[in-house]
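Everything on this sheet refers to the single structure shown next.
Read-outs: derived from the displayed coordinates by stated rules, not from any lab. Quantities reported herein were computed from a predicted structural model and do not represent experimental measurements. All Cβ positions, glycine included, derive from the backbone under ideal geometry; neighbour counts span all protein chains shown.
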Amino acid sequence: MNKINQSTISVRSGLNSDEQHGCVVSPITLSTIYNFTGFNEPRMYDYSRRRNPTRDVAQKALADLEQGQYAIITSSGMSAISLICMTFLNPGDFLIAPYDCYGGTYRLLESLDQKGICRVRFINQCDLKSVLRSVSKYSPKLILIETPSNPMLRVTDIAFICNLKKNGVICVVDNTFMTPILQNPLQLGADLVLHSCSKYLNGHSDVISGVVITDNIKFYERLFWWVNTLGITGSAFDSYQLLRGIRTLVPRIYQQQKNTKNIIDFLLNQAEIKSVYYPGLPGNTGYEIACAQQRGFGSILSFELHGSENTLIKFLRSLKLFTLAESFGGVESLISHPATMTHAAMSQDSRKKAGISNMLLRISVGLEDSVDLINDLNQALGSIR
Ligand code: PLP
């Protein structure tokens, strides 16, 4: 059989799998318990924390999209990261993470370090010499990569860092920004890929969910044991909703990306805008790497306004079609202020190091008509002219 493409996987994975009624859409199994067929004769399912049929269907779709063998759906993106840390790190082990990662990830890793659960070093992963230096200095057990980074959209060379696996390092890529449609880290040498499914994969801003995907059966078995032991598997209802979102993943990704290109062309010509950050812009850190390792540049951009905090507040107040909210990847356009929202958990000093200024705004471009979105940005910029 020919290779099945991602559009087909996302639409058809798990269809017609119901043998009882012949449902085309895979039914939701809410039961938490399953009867034994006899004394000491459990079925494949015994208790939904460990395994659930609806979660299994969604896991298969996610594994296939990421071109991996095994997937584990967790209760959130943060629990996916916690699961990886609990499974693979022992006290004293080093973890290397990007200094400009998602603020919640930064908070978790910093807290694990403070509690002595592992030791964490945040570095600039776009500087490959600094990566090499850190690997030889700390001999890390785990390297977490997040590319493009949040919110500065810097791109890291996944294949280069994964090549360091020779030293026994486990390489993990947070692929939330790109989704499996635009980037497949397992193909670039990563051991584990994680997503916050709360973003593009679900796509409708109504599910909190995460996933870890791997090709390595030994890693999968260890993760499976820990996810059940910690009790952080995703619920049946969330898995059902997530699969529903995945059905339209491919056209959403491409249309949102098209809208983003139109918005960037507009922003680049506005005098009130100091700088624009986007992986598809030639001046952006890692632009050449993005061209080689990604199949597109995505639909998140950041920009800095000229002026003061008052300018920023006036601009945000004037917007009608962009909702001031955290998160990204839904069908609706959002705008956020990283310094007071997604990255508020970082100290001002750490934010400064990561280049996150108080005048920086991040936009997640949705599925609205890009002409309407541009008109809205134009009138809001007019209010600060
Ligand atoms: N990874 C990235 C890149 C994120 O942006 C987020 C959340 O914004 C997470 C992980 C955490 O995911 P969740 O909010 O589903 O716990």
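Highest mobility in the GNM of the chain, judged by mean-square fluctuation with C-alpha springs under 10 Å and restricted to Lys137, Lys320, Lys60, is found for Lys137. Seen against the Cα atoms of the chain and their longest principal axis, helix 249-267 is set at about 10 degrees. Taking every alpha-carbon pair within the stretch 151-252, the share separated by more than 22 Å comes to 38 percent.
For the chain, the longest principal axis of the C-alpha atoms and the axis of helix 128-138 are separated by about 50°. Once the Cβ-Cβ distance of Ser318 and Asn5 is raised to the sixth power relative to R0 = 51 Å, the FRET efficiency obtained is 0.75. Of all the C-alpha pairs in the stretch 108-152, what % are more than 12 Å from each other? Value for the stretch 108-152: 66 percent of Cα pairs lie more than 12 Å apart.
Once the cut-off is 28 Å, how many percent of the Cα-Cα pairs in the stretch 249-382 end up in the long-distance tail? Every Cα pair in the stretch 249-382 considered, those over 28 Å come to 13 percent. Using the average count of surrounding beta-carbon atoms within 10 Å as a protection proxy, the listed peptides 66-75, 1-10 rank, highest first, as 66-75, 1-10.
Would you mind checking the stretch 73-98 for residues with the amide N under 14 Å from a putative spin-label position 7 Å along Cα→C-beta of Arg49? What the label zone holds, given the 14 Å backbone N cut-off, is 75.
Counted by Cβ distance under 14 Å from Pro27, the other residues give a net charge of -1, where Lys and Arg count +1 and Asp and Glu count -1.
Between beta-carbons, use under 12 Å as the cut-off and find the net charge around Ala97, counting Lys and Arg +1, Asp and Glu -1.
Summing Lys and Arg as +1 and Asp and Glu as -1 gives -2.
Note on the chain: with a GNM built from Cα contacts shorter than 10 Å, the maximum mean-square fluctuation among Arg154, Arg43, Arg295 falls on Arg43. Debye calculation, C-alpha points only, no solvent: report log10 I(q)/I(0) for the stretch 285-340 at q = 0.16, 0.18, 0.24 Å⁻¹, in the same order as the q values. Those come out to -0.66, -0.78, -1.03, one per q. What's the FRET efficiency of Ser357 with Tyr287 using the Cβ-Cβ distance as r and R₀ = 25 Å, to the nearest 0.05? That pair, Ser357 with Tyr287, gives E of 0.75. Normalised by 2.2 N^0.38 Å, with N the number of residues, the alpha-carbon radius of gyration of the chain equals 1.01. Distance distribution P(r), the stretch 108-207, all Cα-Cα pairs, bin width 5 angstrom from 0: 2, 12, 21, 23, 20, 13, 6, 2, 0 percent. If you run the Gaussian network model on the chain, springs between alpha carbon atoms under 10 Å, then out of Glu221, Glu110, Glu288 the most flexible one is Glu221. For the stretch 50-80, the residues whose backbone nitrogen is under 20 Å from a point 7 Å from the Cα of Ile28, taken along Cα to Cβ, are 50-62, 73-77.
Provide the net charge surrounding Phe328, with neighbours chosen by a C-beta distance below 15 Å and charges set as Lys +1, Arg +1, Asp -1, Glu -1.
With Lys, Arg at +1 and Asp, Glu at -1, the net is -3.
Within the stretch 249-382, DSSP assigns beta bridges of which about 85% are antiparallel (rounded to the nearest 5). A full extension of the chain between Gln67 and Asn35 corresponds to an added length of 8.1 nm, given 0.36 nm per residue minus the alpha carbon distance. Nearest 500 deg cm²/dmol is fine: what mean residue ellipticity at 222 nm does the chain get from its DSSP H runs of n ≥ 4 alone, each adding -39,500 (n - 2.57), divided by its residue count? Here the helix-only value at 222 nm equals -11000 deg cm²/dmol. So how far apart, in nm, are the two label points at Arg12 and Lys258 if each is 7 Å from Cα heading toward Cβ? Computed distance between label sites Arg12 and Lys258 equals 2.4 nm.
Here the translational diffusion coefficient of the stretch 1-72 follows from Stokes-Einstein with Rh set to the Kirkwood radius across Cα pairs; for 25 °C and 0.890 mPa s it amounts to 177 µm²/s.
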